[in-house]
1. Using only Cα atoms, what Kirkwood radius does the chain have, in angstroms?
2. Go through 27-39, 112-124, 128-140 and give me the packing order, highest mean Cβ count within 10 Å leading.
3. Can you compute the FRET efficiency between residue 95 and residue 218 using 1/(1 + (r/R0)^6), with r the Cβ-Cβ distance and R0 = 41 Å? Round to the nearest 0.05.
4. Between residue 88 and residue 191, what's the calculated FRET efficiency when r is the beta-carbon distance and R0 is 35 Å? Round to 0.05.
5. Along the Cα-to-Cβ line of residue 168, 7 Å from the Cα, sits a label point; which residues in segment 198-220 have backbone N less than 11 Å from it?
6. If you average the C-alpha positions of segment 85-138 and of segment 182-220 separately, how far apart do those two centres end up, in angstrom?
7. First compute the accessible area of the chain with a 1.4 Å probe, then give the percent of it belonging to carbon and sulfur atoms.
8. In what sequence, largest accessible area first, do 96, 17, 157 appear using a 1.4 Å probe?
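The values are calculated or read from the model by the stated rules, or taken from the named source; none is laboratory data. Computed from a predicted structure; not experimentally measured. Cβ placement follows ideal geometry from the backbone for every residue including glycine, while neighbour counts extend to all protein chains displayed. The accessibility values were calculated without ligands, DNA or RNA, using every heavy atom of the protein model including side chains. Shrake-Rupley method; radii C 1.70, N 1.55, O 1.52, S 1.80 Å.
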Amino acid sequence: MAGRQLASKWLKTEALLTDPQVAPYIPATESYGGDTLVSMLAEHEMVVIKPIVGTGGNGVIRIEKVGTGYLVTYKKRTVHADTLNSLQNVLDRMKLKRRYLIQQGIRLARIHGRPLDYRVKVVKGRGRWEFRAMVGRLAGPGLFVTNICKGGSLLQLRHALRLSLPHIKRRQKRNEMRQLTRQCIAILESSFPGIGELGFDYGLDQDGKIWILEVNTRPS
């Protein structure tokens, strides 16, 4: 049984932010709007806009401040906007009809120039949670989303860590990921009783710091 489903990325993020040990792992996140777009870009220079309800990397947009302008990437297309006004015009033409959140962009560690993140899948069976998968997900050529349905490919966790961050202690990083997962399970199960399956998407930046990018209650 998959258990309770919770589609809202916002609700799951809010729950995790209540824990002072977990909060530092979460990128700055706000509800998307014109004002938050300006303030987040001023502070972080790269942001990701994603639907509050959505799966498979659909509808995800990356915006990066470059010099005095902005690069807007959606799917495999990148558009340059010279000013904040022209950036807003680009986003308006995309007709973002759903509710979105805006998140601090993380400069993920890469393999041959392609960004990489990690999926940790856990399932509750017979009253206890079990780890079912810990894998790396490498974005397809020219893409920044790593979802398998968007052309991403799976790698063994240790192999992905070794190729992307050869200087870090791989066993230590894997243990940190497992411990963080256990802490998050406890928070989410307390906040949303009845969940039985979780998929954690973790990013490691170029310094090896772990970031919680997203949590799914119906992981593929």
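1. That comes to 18.0 Å for the chain.
2. 112-124, 128-140, 27-39
3. 0.95
4. My answer for the efficiency is 0.50.
5. Those under the cut-off are 202-212.
6. 11 Å
7. Looking at the chain in its full context, I get 49 percent from C and S.
8. Putting 96, 17, 157 in descending order of accessible area: 17, 96, 157.
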